[in-house]
Amino acid sequence: MKGRNIPDNLCAVAVDLSDMLTGDWRALRPVVDRDKCVKCAVCWLYCPVQCIREHATWFDADLKTCKGCGICARECPQHAIVMVEEVEA
Amino acid sequence: MGKIVVIDGNEAAAWGAALSRPDMVAVYPITPQSSLVEYLAEFIADGRMDAELMDVEGEHSALSVLHGACLAGARTYSATSAQGLAYMFEPYFRTPGLRLPIVVSLVTRDGISPTCVWGGQQDAMSVKDVGWIHMFCENQQEICDTIPIAYKVAEHPEVMLPVNVNHDGNYLSYGVARVDLPDQEVVNAFLGEKDVNWHACLDPARPMAVDPLTGGAGGPGPSMFVRYRKGLCDGMQNAMRVIEEAHEDWGRRTGRHWAPLIERYRMDDAEVALVTIGSMTGAAKDAVDEARAAGARIGLVKIKTFRPFPAAQIAAALSGVRAVGVVDRAVNFGWNCGPVFQEVLSALYLSQARMPVMSFIGGLAGADITVEHFARVIERTRRLADGDMAVGPVWLNEND
């Protein structure tokens, strides 16, 4: 790079995490019933954006990046996850 | 003077590439490009060229491999034609947005269907608005000289765009001519120190995601996307000046002064003008000479650089004539004319120069455009100057 100034209108390059979050366009939100969750990690395995977070006795989704695809709810063997429509706060 | 050889256009391109010392070439053969990449393989096998040659499984991979190599700081080269270019299109569209200074020869060939394997410029014309620089060569010497010039332009910090150096399939790819191969030292001095990729060079010390998601309707997306699009347009416009400077520099070092954007041939006092592109220009110049000898005031404008389009230069060159005949080796289906014709009309409109202009289409799928064809173009364009207007294009080979 030889210390050259890189114009900000050339190729898009990210060196920081984007503040454009995939959770911003979610229409349905996964809600975990902690009494039903047996922490089997099936949701963690299937989540396409790896947003499932581990807690003491359950898993749930990081809503900053969860797109609301519903795969976790479909795959959960305990039927512990339901998709709830997002509404304006 | 360098070494005088008698070679075909594909070998001239291979020499132009080899002299530019790329670090990596990725290739997949296709008619009429195949012998070009076979020459490169031979140069590398013989130790005359120090580059990594990657035989890939198709053109999509060829250009994708070059993306990776270029991001790692390599100078890169490939060549393709027609269906190969079509198969390359996905990474092809991505290349100018990434601002990667890759040089790819298009050995131009007509588009399928109907099936054909012969020359025509339908392939290049179909990708004219993707963001690559396009330079069309008239003869074997110009092919050899234009490839180093293309690297100089592509890698210029104010350009940073990929370049297609185009030569007509069959006529130039297999046609043999005398070529003065420049000395390696001359090309080295011309290109200077290799500094291919300084804007997005992959480096473990500086982790980055190249080409992350941008755009959309929210946050910084819209303005960010516009910024990159405008940056690409700026690079393309800057290329106009850089192409002129690079040709001038090349001319000083080699004695060969190619017209960088357009060439004006016998345009002083011309009443009627032809516009040509690529190898057809040779026959057209002969026809102009014959018409001049018979007393006609006729000239010719050859387009070397088609992207960026030298609109102001073309309008200035044509401003004094009474009629213009534009000859294409491709079809613009949506407008029922040739693509170069449509571009010339736009240039004239912006300059407010007004004269009748006609579209001639010939040389499709390997057909000849002979001096006799050009004599007919000249005769028809002279009648146009006298008010005999045309509806639709003239198909030069319709009755051959």
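For the structure I just gave you, tell me whether B:GLU263 is more than 10 Å from chain A (Cβ to nearest Cβ) and of a type outside the set (S, T, N, Q). In short, yes. Only residues that are assigned to a helix (DSSP H, G or I), surrounded by fewer than 16 Cβ atoms within 10 Å (Cβ to Cβ) and facing another protein chain (nearest Cβ under 9 Å) were counted in region B:201-224, giving 1.
Among the residues in region A:12-29, are any modelled with pLDDT of 95 or more, more than 13 Å from chain B (Cβ to nearest Cβ) and open to solvent by less than 40 Å² (accessible area, probe 1.4 Å)? The answer is no, given that none of the residues of region A:12-29 is modelled with pLDDT of 95 or more, more than 13 Å from chain B (Cβ to nearest Cβ) and open to solvent by less than 40 Å² (accessible area, probe 1.4 Å). Considering region B:27-62, the residues that are under 21 Å from B:GLU90 (Cα atoms) and touching an Asp or Glu at 6+ places or on another chain (Cβ under 8 Å) include one that is least open to solvent (accessible area, probe 1.4 Å), namely B:VAL27. The set of residues in region A:30-50 being closer than 15 Å to A:PRO77 by Cα and either part of a helix (DSSP H, G or I) or modelled with pLDDT under 95 (or both) consists of A:VAL42, A:CYS43, A:TRP44, A:LEU45, A:TYR46. As a summary of the residue check, B:LYS152 satisfies the conditions (1) within 14 Å of chain A (Cβ to nearest Cβ); (2) in contact with a Leu (Cβ under 7 Å, 6 or more places away or on another chain); (3) basic (Lys, Arg) except for the one numbered (1). Every condition in (1) of a type outside the set (A, V, I, L, M, F, W, C); (2) under 20 Å from B:LEU213 (Cα atoms); (3) within 14 Å of chain B (Cβ to nearest Cβ); (4) exposed (fewer than 13 other Cβ atoms within 10 Å of the Cβ) is met by A:GLN50 except one, and the failing one is (3). Quick one: is B:ALA154 under 13 Å from B:GLU59 (Cβ atoms) and either modelled with pLDDT of 95 or more or not acidic (Asp, Glu) (or both)? Here the answer is no, as B:ALA154 does not meet what is asked. Checking each residue in region B:84-113 for being buried (at least 20 other Cβ atoms within 10 Å of the Cβ) and among the basic types (Lys, Arg) picks out B:ARG99, B:ARG109. Across region B:217-258, the number of residues qualifying as basic (Lys, Arg), in contact (Cβ under 8 Å) with a residue 12 or more places away in the chain and under 16 Å from B:THR305 (Cβ atoms) comes to 0. The criterion of at least 3 residues that are hydroxyl-bearing (Ser, Thr, Tyr) and farther than 23 Å from A:VAL13 by Cα is met, among helices (runs of 4 or more DSSP H) falling completely within region B:29-147, by B:34-45. A:THR22 meets all of the listed conditions (1) free of Cβ contacts under 8 Å to residues at least 40 places away in the same chain; (2) of a type in the set (Ser, Thr, Tyr); (3) under 27 Å from B:LEU213 (Cα atoms) but one, namely (1). Consider region B:181-200 and keep the residues that are open to solvent by less than 40 Å² (accessible area, probe 1.4 Å) and part of a loop (DSSP other than H, G, I, E, B). The one that is farthest from the other protein chains (Cβ to nearest Cβ) is B:PRO182. Number of residues in region B:155-180 that are outside any loop (DSSP other than H, G, I, E, B) and crowded, with 20+ Cβ neighbours inside 10 Å: the value is 7. Filtering region B:72-83 to residues that are touching a residue at least 60 places away in the same chain (Cβ under 8 Å), more than 15 Å from B:TYR151 (Cα to Cα) and open to solvent by 20 Å² or more (accessible area, probe 1.4 Å) leaves only B:ALA72. Looking for something closer than 28 Å to B:VAL130 by Cβ, assigned to a helix (DSSP H, G or I), in contact with a helix residue (DSSP H, G or I) (Cβ under 6 Å, 6 or more places away or on another chain) and not β-branched (Val, Ile, Thr) - is there at least one such residue anywhere in region B:251-269? No, region B:251-269 contains no residue that is closer than 28 Å to B:VAL130 by Cβ, assigned to a helix (DSSP H, G or I), in contact with a helix residue (DSSP H, G or I) (Cβ under 6 Å, 6 or more places away or on another chain) and not β-branched (Val, Ile, Thr).
The values are calculated or read from the model by the stated rules, or taken from the named source; none is laboratory data. These figures come from a predicted structure and were not determined experimentally. Virtual Cβ from ideal backbone geometry, glycine too; neighbours counted across all protein chains shown. Note: accessible area is taken over every heavy atom of the protein model, side chains too, but ligands, DNA and RNA are not part of it. Shrake-Rupley method; radii C 1.70, N 1.55, O 1.52, S 1.80 Å.
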